[in-house]
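I have placed the structure first, in the form of structure tokens, so that the comments after it can refer back to it.
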Amino acid sequence: MSTDLKSKFLEVYDTLKSELINDPAFEFDDDSRQWVEKMLDYNVPGGKLNRGLSVVDGYQLLKGEELTEDEIFLSSALGWCVEWLQAYFLVLDDIMDESHTRRGQPCWFRLPKVGMIAANDGIILRNHIPRILKKHFRGKPYYIDLVDLFNEVEFQTASGQMIDLITTLVGEKDLSKYSLSIHRRIVQYKTAYYSFYLPVACALLMFGEDLEKHVEVKDVLVEMGTYFQVQDDYLDCFGAPEVIGKIGTDIEDFKCSWLVVKALELADQEQKKLLHENYGKKDPASVAKVKELYHTLNLQGVFEDYESKSYEKLITSIEAHPSKAVQAVLKSFLGKIYKRQK
């Protein structure tokens, strides 16, 4: 992704924001306009923008030549729809998890003037997506497919969040419920569809492709999303907070993390007892005991082994795809996340 395309991508954000805070369907006054603008600036463009930029990237690789200004704008607008969806999930997710920081700053709902207004802000973020799609894609032959795609992926993500929440129910802290298969199900629905499949599906639709003919692409991307989340679980414990932009709380939050699932697989009876007694406790001494056990079980080495095996498996799957252009899209995606530190 050239810096030129990235700056054009950021310009599109300003255009979309300006359209949304002047949307004729609602009579804005200065207060509401300023609130939405501040809320958008705080929550939408702050991350790495990988998901959004991947739509532009993906479309360019499928086309195989220079993009027109219109194509840059439209692929960027779709990329921003993915980022808007992400912002909506994160704003609400942080409330549910009682998180403190996100992307190196306090969570939106933690700001003194925001609080639970953030719940409605999440709903507004969600509702901005069909406004953007309607304004810029209504006349396109793939418009209905785009709307369907966003609706379906949102449903899958919310359902993934539900199984995550009901599996980690506070008051029913039962580690024996945790296994690689439940971890995989949560990850597939909660993360992989919207973070990996959605951006590529947007690019494919814009390029005129039929998504039903690309089931194997979806499968590879869901695999990649699983690998990405395992990295995330790993970084939550072993990453440096100043690098990853947040303080990991998976242990305290009793999360069904890949690390705890692996630890349960590898631990002896004594170590399992230690996990059952300390996992999901807020006090720093318990967290330290769990981390110490992770070190004892050499989970860093186990993760590195998982990482290289996953990479090889993904490359093999990608190279089996008949289209070189689609291979390029998938490889570019994998290149962005392989051995990432944040």
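Data for the structure
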read-out	value
Between 0 and 90°, nearest 10: helix 69-97 axis offset from the chain longest Cα axis	40
Cα-centre dipole for the range 1-48 with unit charges at Cβ (Lys and Arg positive, Asp and Glu negative), debye to 20	420
Reachable lysines from K8, criterion Cα separation under 24 angstrom, eight or more residues apart if same chain	K17, K38, K48, K63, K134, K135, K140, K331, K336
For the range 1-67 versus the range 185-259, the gap between their alpha-carbon centres in whole angstrom	21
Rounded to whole Hz, the Karplus (6.51, -1.76, 1.60) HN-Hα couplings of the range 107-112, x for glycine and proline	4, 3, 5, 7, 5, x
Karplus (6.51, -1.76, 1.60) ³J(HN,Hα), θ = phi - 60°, over the range 327-342, in Hz, Gly and Pro reported as x	4, 4, 4, 5, 5, 5, 4, 5, x, 5, 10, 4, 6, 5, 10, 8
Tilt relative to the chain, helix 299-319 - C-alpha long axis, 0 to 90 degrees, to 10	40
Rounded to 10°, Cα long-axis angle of helix 117-137 versus longest principal axis of the chain	40
Derived scalar couplings ³J(HN,Hα) [the range 230-246; Karplus, 6.51 cos²θ - 1.76 cosθ + 1.60; whole Hz; x for Gly, Pro]	4, 4, 4, 4, 5, 5, 4, 9, 9, x, 7, x, 5, 8, 7, x, 8
Set of lysines with alpha-carbon distance to K289 below 17 Å, sequence-local pairs under 8 removed	K255, K262, K272, K273, K281
Residue among L274, L204, V91 farthest towards the positive dipole end of the chain, charges placed on Cβ	L274
Probe 1.4 Å - accessible area at I247, Å² to nearest ten	120
Positive-end residue of C256, Q327, Q188, charge dipole of the chain with Cβ unit charges	C256
Solvent-accessible area, 1.4 Å probe, carbon plus sulfur percent, for the range 30-178	54
E265 accessible area, assembled protein chains, probe 1.4 Å, Å²	110
Solvent accessible area, Å² - Y234, 1.4 Å probe, full protein context	30
Long-range tail of P(r) for the range 1-109 (Cα pairs > 21 Å, %)	43
Length added when fully stretched, D210-I163, from 0.36 nm per residue minus Cα-Cα	13.9 nm
The chain, helix-only ellipticity at 222 nm - DSSP H runs n ≥ 4, -39,500 (n - 2.57), divided by all residues, nearest 500	-22500 deg cm²/dmol
Leading residue at positive end of dipole, the chain (Cβ point charges), from L16, G104, L49	G104
Accessible surface, 1.4 Å probe, highest first, among residues M206, M224, M162	M162, M206, M224
Contour minus Cα-Cα distance for A285 and S32 (0.36 nm per residue)	86.5 nm
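The values are calculated or read from the model by the stated rules, or taken from the named source; none is laboratory data. No experiment lies behind these values; they were computed from the predicted model shown. We place every Cβ from the backbone using ideal geometry, glycine too, and count neighbours over all the protein chains shown. Just so you know, the surface numbers come from the protein's heavy atoms only, side chains and all, with ligands and any DNA or RNA stripped out. Shrake-Rupley method; radii C 1.70, N 1.55, O 1.52, S 1.80 Å.
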